[in-house]
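Some notes on the structure that comes next.
The values are calculated or read from the model by the stated rules, or taken from the named source; none is laboratory data. The model shown is predicted, which means the values in this text are computed figures rather than measured ones. Note that each Cβ is placed from the backbone with ideal geometry, even for glycine, and that neighbours are counted across all protein chains shown.
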Amino acid sequence: MTTPMIHTAELTKSYDGVDALRGVSLDVEEGTVLGLLGHNGAGKTTLVNILSTLLPPSGGTATVAGHDVVRECREVRGRIGLTGQFASVDEKLSGLDNLVFIGRLLGASRRQARVRAEELLSTFDLSKAAHRQCRTYSGGMRRRLDLAASLVGRPQVIFLDEPSTGLDPASRISLWETVEALVADGTTVLLTTQYLEEAERLADSVAVLSEGTVVASGTPTELKARVGERTAHLSVTWREDVSRAATALRRAGLPAVENPGEGTVSVPVAAFADFAHVVRAVDEGGVAVTGLTLSEPSLDDVYLSLAGKSPTAPAV
């Protein structure tokens, strides 16, 4: 078996007697995305800071790209990129100079640093603003530059701590597409996010943190299956048909829920094949159906069910 690109075992962290992490164990395979969800104070950012060697753990072990984050912190730093919750670019420098400066710090020659900087500016659609001071950049441009900065050293592992915070929808989608391209090239990503649709789109696996512990983990599909069934929603021609449709479904052994104000009836279904059973039941009841849709539990449902708190504020 291959070694996970990110591995933690019983990782703990305490601040003045307060436990921020309490025995966190995770594995992230190469070329995949782990979405880390958690409420305010759940420990998401603390975990990222430990894995990126910014904080030492109080206990347990963690490795990134096969290197221990405490004993081999220099090796870890040479293999990772980090984008925090807030853009960290130097506002007095241009976009180009920011990236060249980072390249030089990483040991590249002046020419190598400039070539890499221009390549990244092009990738993130910032070439036209390359020579402008970053203080003139929009929020979305700064976030894209911040992500570009984390890629200067061609890292194997990238930590994205709420990278799309404050971005408009178009900039957020652009960032998602960039992350997807990086993963397609084999980069491993740990993503913390408040946007559950972001995790659903990008993450191969999800871990839910609550009060410093992992309360659930798995693929988005697996987690959604834990908190509820699919639901079929039938729209009827006339509102008086809502009761008739519900009666027909119950007669067939299906626990229908009437929504007369919406002119619909809802019924849980375990599998797509059960759709046929639903349609047959209302047809035999002589009810005209104008629409039939299927909804599944969302990651919002997963989060609220498993963590029990509203994901509205950044974690520490």
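So, in the range 255-287, exactly how many residues are in a loop (DSSP other than H, G, I, E, B) and either basic (Lys, Arg) or out of contact with any Pro (no Cβ under 8 Å at 6 or more places or on another chain) (or both)? Don't jump to the end; show me each part of the working.
Within the range 255-287, the subset in a loop (DSSP other than H, G, I, E, B) is 255-256, 260-263, 270-273, 285-287.
Then keep just the ones that are either basic (Lys, Arg) or out of contact with any Pro (no Cβ under 8 Å at 6 or more places or on another chain) (or both); that gives 256, 260-263, 270-273, 285-287.
Residues that pass the stated criteria total 12.
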Check your understanding: Going by the conditions given, is Ala270 outside the structural domain of Lys13 (by TED's automatic domain parsing) and closer than 28 Å to Gly35 by Cα?
Key -> yes
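Would you mind stating whether Arg142 is assigned to a helix (DSSP H, G or I) and in contact with a Cys (Cβ under 9 Å, 6 or more places away or on another chain)? Working first, answer last.
Details: assigned to a helix (DSSP H, G or I): yes; in contact with a Cys (Cβ under 9 Å, 6 or more places away or on another chain): yes.
In short, yes.
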Point to revise | Count of residues meeting criterion [part of a strand (DSSP E or B), under 27 Å from Asp300 (Cα atoms) and among the charged types (D, E, K, R)] in the range 11-60 | key: 3
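Select from the range 70-84 the residues that are more than 20 Å from Thr32 (Cα to Cα) and either loosely packed, with under 15 Cβ neighbours inside 10 Å or aliphatic (A, V, I, L, M) (or both) and list them in ascending order.
Residues of the range 70-84 more than 20 Å from Thr32 (Cα to Cα): 70-75.
Across the range 70-84, the qualifying residues are Val70, Arg71, Arg74.
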Exercise for review: Kindly list the number of the only condition in (1) in the same structural domain as Lys44 (by TED's automatic domain parsing); (2) farther than 18 Å from Gly84 by Cα; (3) not aliphatic (A, V, I, L, M) that fails for Lys128.
Suggested key: (1)
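Yes or no, residue by residue, for (1) out of contact with any His (no Cβ under 8 Å at 6 or more places or on another chain); (2) surrounded by fewer than 18 Cβ atoms within 10 Å (Cβ to Cβ); (3) modelled with pLDDT of 90 or more:
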residue	(1), (2), (3)
Asp168	yes, yes, no
Arg172	yes, no, no
Leu175	yes, no, no
Asp185	yes, yes, yes
Thr193	yes, no, no
Ala216	yes, no, no
Review point. Which of the residues spanning the range 222-253 are in contact with a Pro (Cβ under 6 Å, 6 or more places away or on another chain), more than 15 Å from Asp283 (Cα to Cα) and part of a helix (DSSP H, G or I)?
Key: Lys224, Val227
Practice item. Only residues in the range 1-22 that are without any contact (Cβ under 8 Å) to a residue 24 or more places away in the chain count as the first member; pair them with residues that are β-branched (Val, Ile, Thr) and surrounded by 18 or more Cβ atoms within 10 Å (Cβ to Cβ), Cβ under 9 angstrom, at least 6 apart or cross-chain, and list the lot. Key: Tyr15/Thr46
Practice item. State whether one or more residues within the range 108-119 are more than 23 Å from Glu198 (Cα to Cα), assigned to a loop (DSSP other than H, G, I, E, B) and assigned by TED's automatic domain parsing to the domain that holds Leu167. Key: no
